[in-house]
Amino acid sequence: MTAVTSPLEALPGGTSAASLQAAEAGLAWWTDAIIYQIYPRSFTDANGDGIGDLPGIALRLPYLKRLGVDALWLSPFYQSPQADAGYDVADYRAVDPLFGTLEDFDRLLHEAHGLGIKVIVDLVPNHSSDEHAWFQAALKSPPGSAERARYLFRDGRGANGELPPNNWQSVFGGQAWSRASGDRQWYLHLFDSKQPDLNWDNPQVRAEFEEVLRFWLDRGVDGFRVDVAHGLVKDSELPDAEHRKENGILVGPMWDQDGVHEIYRAWRRILDEYPGERMMVAEAVVGSHSRPNYLRPDEMQQAFNFDYLLLEGWEAAAFRNVIDASLALSAAVDATTTWVTSNHDVVRAPSRYGLSRPGAHPKGIDAAGEQPDEALGLRRARALALLTLALPGSAYIYQGEELGLPEHTTLETHYRQDPMFIRTRGADIGRDGCRVPLPWEAQAPSLGFGPGDRSWLPQPAAYARYAADRQEGVAGSTLELYRQMLQLRREHALGKGQLRWIDAGRDVLAFDNGDIRVLINFGTEPAELPAGGQVLLSSELLEEPGELPANTAVWLTRP
Ligand code: NOJ
Ligand code: CA
């Protein structure tokens with residue numbers, strides 16, 4: 001094997017040099033953090049009503065500490081009619097009674113901090129719930145009123161205004177405009193009709209969200225995950241759109257407008273007023289050319305790496321390309337990359353990589369669709385984890401990923417709640433299958449999700465095999481693999497490191513990061529392991545000495 005210089009190393013001020021300097025200077029916590037995403041309604045149910053809650057999260061803090069994560073990202077737990085599982089917020093300063101109370105939140109934050117775990121919360125600024133006091137006031141106020149000006153109300157087209165103001169489509173299907181019953185005007189909703197878009201040209205909207213930020217910062221949160229960060233500002237003419245996708249990403253006059261950046265600059269100034277290192281991570285589903293804009297030094301510190309998440313296929317070269325491109329892109333703005341392979345909006349990785357088109361992104365899977373090869377998918381997901389968590393930068397883990405949990409691929413129609421499923425009448429199966437309550441104890445009712453047998457979505461029988469207690473202390477289990485990865489990653493400072501590719505043939509990716517060598521075999525035949533390196537960790541049992549089986553990854557001491 002011969003060493004190949006990464007294009008990165010040639011970059012002046014690139015990731016490698018920049019991170020080394022930062023390491024010496026004391027890196028901000030988020031640059032290499034492992035951030036664990038909690039989807040509260042499906043994590044742990046403390047009171048037995050079938051819905052996960054904040055006290056449930058508090059119960060699991062020792063588990064999360066043991067896993068070795070640096071921070072938690074909590075999906076929304078705010079007051080909400082739950083039309084989009086809480087991404088429809090009726091009161092940005094209140095905890096929904098489903099999830100507990102503000103005191104429960106404060107206690108959770110305090111206890112997490114006591115264990116050295118940071119907490120970031122979700123901020124949903126593109127739209128509120130239609131049950132938000134502002135929207136209710138707007139409906140009661142006439143066209144042209146100040147109350148309506150906080151949203152995007154417009155008269156319709158057609159002789160009697162009976163047609164929507166433009167041709168925009170909702171991301172969840174159907175048109176992006178609705179009329180409340182008896183109302184002459186239409187309002188815009190890029191998502192569900194219960195999620196009216198706020199008007200970010202309105203100073204009241206800006207002022208309100210700055211106060212919301214302060215409300216949570218004052219309570220001590222370490223940052224925000226900003227929902228639909230590319231959507232807040234629309235082309236003010238609201239022109240008709242083509243609804244095109246570029247490289248799988250929606251483009252048009254409602255997305256990625258330059259005006260959004262001023263908002264994040266204002267927020268950044270607020271974050272910087274607070275002690276500690278408070279951060280923001282953008283859910284900006286934009287092309288890679290545009291992602292760096294969200295990462296400018298006076299904007300957000302992180303943006304999810306959708307190129308990595310959305311990559312399809314199971315090929316060494318494609319992974320290498322996306323890794324190089326991602327590192328170069330963040331280096332150019334002196335940020336680090338955020339590696340992600342699963343979240344609450346996509347089919348879980350073990351199931352995606354078990355499809356005949358590995359890594360494909362179907363909009364959900366149901367019993368009528370292709371059923372993933374569970375064993376192959378898990379094997380690949382474990383190998384991919386060894387690749388992902390050895391990369392420099394920060395990484396996100398979606399709850400249950402550390403258990404190797406697959407998607408629920410046979411959830412019956414009548415359980416489905418995702419507005420995407422409802423609005424497309426099932427044409428898009430939707431995201432419920434990746435949101436099923438976690439299995440904690442194989443023998444307990446609701447698999448230990450709650451004290452009784454209630455669970456807001458049913459768990460598939462297979463989940464018992466994945467229960468945390470079945471994996472606890474079991475050599476080679478996915479849970480133990482993640483624990484070891486996170487520990488070694490920390491010990492060897494891989495998140496702060498630099499990547500140096502090693503040429504290892506068409507099907508194998510190999511690189512050094514610090515004193516660790518990583519190899520992952522994407523091929524169908526065993527590959528040769530370099531002599532002299534000691535195996536620290538492998539995604540599967542290595543039965544033949546010197547051989548790296550197909551769909552397997554290892555961490556070695558650098559030979
Ligand atoms: C992105 C969130 O991740 C998703 O769950 C939600 O449905 C949309 N934004 C709308 O808020
Ligand atoms: Ca509950």
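The values are calculated or read from the model by the stated rules, or taken from the named source; none is laboratory data. Small disclaimer: the values here were computed from a predicted structure and weren't measured. Note that each Cβ is placed from the backbone with ideal geometry, even for glycine, and that neighbours are counted across all protein chains shown. Quick note on the areas: whole protein, heavy atoms, side chains included, nothing else; ligands and nucleic acids left out. Shrake-Rupley method; radii C 1.70, N 1.55, O 1.52, S 1.80 Å.
The figures follow:
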quantity: Per-residue SASA entry for R423, accessible area with 1.4 Å probe, Å² rounded to 10; calculated: 60 Å²
quantity: Accessible area (Å², per residue) of the chain, counting only protein heavy atoms and a probe of 1.4 Å; calculated: 38 Å²
quantity: Angle between the chain longest axis and helix 374-388 axis [Cα atoms, degrees, rounded to 10]; calculated: 90 degrees
quantity: Residue-by-residue Karplus 3J(HN,Hα) for the stretch 298-308, coefficients 6.51, -1.76, 1.60, Hz, glycine and proline x; calculated: 9, 10, 8, 8, 9, 9, 4, 8, 6, 4, 6
quantity: Accessible surface, 1.4 Å probe, highest first, among residues T101, T388, T424; calculated: T101, T424, T388
quantity: Rounded accessible area of H414 (nearest 10 Å², 1.4 Å probe); calculated: 130 Å²
quantity: Largest-first ellipsoid semi-axes for the chain, taking √(5λ) over the Cα gyration tensor eigenvalues, angstrom; calculated: 39, 26, 23
quantity: Under 5 Å, built H, 5+ apart or other chain: amide partners of Y78; calculated: D96
quantity: Of the trypsin sites (Lys or Arg not before Pro) in the stretch 132-220, those whose Cβ has at most 15 other Cβ within 10 Å and which sit in DSSP loop; calculated: R184
quantity: Sum of -39500 (n - 2.57) over DSSP H runs of 4+, divided by residues of the chain (222 nm, nearest 500); calculated: -7500 deg cm²/dmol
quantity: Mean-position separation - Cα centroids, the stretch 42-119 and the stretch 415-463, in angstrom; calculated: 18 Å
quantity: Derived scalar couplings ³J(HN,Hα) [the stretch 41-58; Karplus, 6.51 cos²θ - 1.76 cosθ + 1.60; whole Hz; x for Gly, Pro]; calculated: 5, 10, 8, 8, 9, 7, 9, x, 8, x, 10, x, 8, 5, x, x, 5, 4
quantity: Proximal lysine pairs, the chain, alpha carbons under 20 Å, eight or more residues apart or interchain; calculated: 6
quantity: Anisotropy class of the stretch 129-197 from Cα gyration tensor, a/c 1.5 cut; calculated: oblate
quantity: Contact order normalised by residue count of the chain, Cα under 8 Å, 6+ apart, percent; calculated: 15 percent
quantity: Accessible surface of the stretch 464-531 [probe 1.4 Å, protein heavy atoms]: carbon and sulfur percent; calculated: 47 percent
quantity: Rounded to 10°, Cα long-axis angle of helix 102-114 versus longest principal axis of the chain; calculated: 20 degrees
quantity: Formal net charge of residues neighbouring Q79 (Cβ-Cβ distance under 9 Å; K, R +1; D, E -1); calculated: -2
quantity: The stretch 178-245: GluC sites (Glu not before Pro) in DSSP coil with no more than 12 other Cβ atoms inside 10 Å; calculated: E237, E242
quantity: Degrees between helix 478-491 axis and first principal axis of the chain (Cα, 0 to 90, nearest 10); calculated: 80 degrees
quantity: The stretch 191-260 and the stretch 469-530: distance between their alpha carbon centers, rounded to Å; calculated: 38 Å
